[in-house]
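Inspection log for the structure reproduced underneath, given as structure tokens.
Coordinate-derived values only; no laboratory data. None of the values given here were measured: they were computed from a predicted structure. Heads up, the Cβs are rebuilt from the backbone with ideal geometry, glycines too, and the neighbour counts pull from every protein chain shown.
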Amino acid sequence: MNVPGELSPPAPTLRVRTQVLLWAAQRVSALVLAVCVLVHLVTTIYAIRNGLSAAEILSRTRGSVGWSAFYAIFVGAIAVHAPIGLRTVLSETLHWRGRSLDAAMVLLALALAYGGWRAVYAVVAGG
Amino acid sequence: MKRVLHVRVWRGARDGHFQGFEVPRHESQTVLDVVTHIQRDLDPTLSYRFACRVGMCGSCAMTVNGKARWTCRTQVTTVSKDGRLDIAPLQNLPVIKDLVADMAPFFDKWARAKGQFRGDRTRKEDFARIRPESTERRLVDEAIECIGCGVCYSACDVVRWNPHYLGPAALNRAWTLHNDARDVRRAERLAAVAGDAGCHACHTQMGCTERCPKHLSPTKSISGLKRAALEAALKGQL
Amino acid sequence: MRSSRADDVRLDVRSRNHPAYWAFVVHRVSGVLLVFFLPVHFFALGQALQGEAQFDSYLLWTEYPLVKVAEFAIVFALAAHMSGGMRLLMLEFLAWRDWHQSLLAVAAGIAVAFGLAFLFNLV
């Protein structure tokens, strides 16, 4: 006969309030991303109409304060949204929980922010 | 209609196997009738649970052809077009023996979600006055009929993937108490049901709402808790 | 009488064959695909730092049919993740209404529309 083990409450690495605020941050960044993604999808579809080229992209973005701001915000929202979402996916599929997962997600956020803002700089100013 | 049902029944505990039986087929036969026939006439060592057998107690809940159901309320013709039946214990719970699941974790989580009413009036005071048509009471009424059968818990993948997740039934009950104006443990309860092991872990898969034999919607209750917990967190009350 | 475990790891599709579950699968798969796509996307755009010519030579990759297929898949994933996400935001933040169930159809429609628009301009 299976004797049930006692399931002790989880030892949380994050306080409940923090967990809730992370969830909220992911939803708020989702709202920001909804706008950004709509604009980006429309722009992309418009841009590839006659094939994709550097000129096609850069003629729009080079020196543009508007596009700088737009893509900078876009990247910021991604850096918040993706790691929080991935944290859940990893904990559910790999059963990876605790401080090491949280630390890895912070690193991911920093990596996405760095890679993304570097890309924004590249199409706005670089080269 | 074929004269015989080909039934596979789970035997053992967590480790075990499916055992095959041939059961005579009748008109208006429920899955509980099938299990009862097997235990009485074919193999008395089969263990299973039932009580009222009329769809009121929820004791006979099992996994039938992959879906959690009340076996006393499940007609064989509904679930088996080809005369085949797979019967197993409820998912996401330890198996005691054969078709009997251990409901202890389910009720432990109910307790952990502060799923008990606590009021502050005594017999010396007047009755609490609750208007049945008030918004809050309507929310309670549409979720209150849960009898703790475990079908929703068995149907939820987040329960499966996140061992500490409180589950749809416990959270649904917490929601009814949250909206009960007489209850005094609101703040404590929100803290208990919020976060990674609580309502915020729900992915709106809606397996619970699909399978609930009383047609409740734990998903709706849980979304209410998400909003309530967020409000409390923002106000520094969590 | 093959021995096995009651909590067999393989998921039984029969109990997961309803719209809200498909929506969950699409949302999760598209999300994971997008996370893997982003570093590639940022790297490719970062090539503009080496100048327009270098950037252009990098963009030649997009002429390959296989790359075009991948691009379509990513655009569809993005549209699906966004519209599915908006459906979730409505389910979680608005008082529950029965017609919210049909949001899934709307979300799917939006995703398909974007996917097709991309496809028509791509080929």
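Quick notes on this structure:
- Compared with the alpha-carbon gap, the fully stretched path from B:H26 to B:R227 is longer by 67.4 nm at 0.36 nm per residue.
- When the Cα positions of B:A88, C:I74, A:T43 are compared along the charge dipole of the protein assembly as shown, B:A88 comes out farthest toward the positive end, with charges on each C-beta of Lys, Arg, Asp and Glu.
- Debye, to nearest 20: dipole size of chain B, +1 on Lys, Arg Cβ, -1 on Asp, Glu Cβ: 320
- Under 20 Å of direct C-alpha separation, and excluding same-chain neighbours fewer than eight residues apart, B:K124 reaches these aspartates and glutamates: B:D183.
- Using alpha-carbon coordinates, inclination of helix A:99-124 to the longest axis of chain A, degrees: 0
- Estimated FRET transfer efficiency (B:R131, C:H100; beta-carbon r; R0 22 Å; 0.05): 0.25
- Per-residue 3J(HN,Hα) values for the range B:58-66, derived from phi via the Karplus relation 6.51 cos²θ - 1.76 cosθ + 1.60 with θ = phi - 60°, read x, 5, 8, 4, 8, 8, 10, 6, x Hz in sequence order (x marks Gly and Pro).
- Net charge of neighbours whose Cβ lies under 12 Å from the Cβ of A:R27, counting Lys and Arg as +1 and Asp and Glu as -1: +1
- Under the criterion of Cα pairs below 8 Å and six or more residues apart, the relative contact order for chain C equals 28 percent.
- Axis of helix B:218-234 versus longest Cα principal axis of chain B: the two differ by about 30°, to the nearest ten degrees.
- Note on C:F43 and A:A34: their simple-model spin labels are 3.4 nm apart, each label 7 Å out from Cα toward Cβ.
- Charges were assigned to the Cβ only: +1 to each Lys and Arg, -1 to each Asp and Glu. The resulting dipole of the protein assembly as shown about its Cα centre is roughly 1020 debye.
- Chain C: DSSP helices with Cα axial extent of at least 20 Å and average Kyte-Doolittle hydropathy no lower than 0.5: C:19-46, C:65-93, C:103-122
- In loop segments of the range A:19-82 as defined by DSSP, the trypsin sites (Lys or Arg not before Pro) with at most 16 further C-beta atoms inside 10 Å of their C-beta are A:R62.
- Degrees, to the nearest 10: B:168-178 long Cα axis against longest axis of chain B: 30
- Once the C-beta distance of A:S100 and C:L116 is scaled by a Förster radius of 56 Å, the resulting FRET efficiency is 0.85 to the nearest 0.05.
- Beta bridges per DSSP, both residues in the protein assembly as shown: antiparallel share near 85 percent.
- When each of B:K109/B:K214; B:K67/B:K214; B:K2/B:K97 is checked by Cα-Cα distance, pairs over 19 Å: B:K109/B:K214; B:K2/B:K97
- Once C-alpha pairs closer than 8 Å and six or more residues apart are averaged by separation and normalised to the residue number of the range B:1-136, the relative contact order reads 24 percent.
- Look at the dipole of chain B built from charges on Cβ: of B:V4, B:V184, B:C199, the Cα furthest out on the positive end belongs to B:V184.
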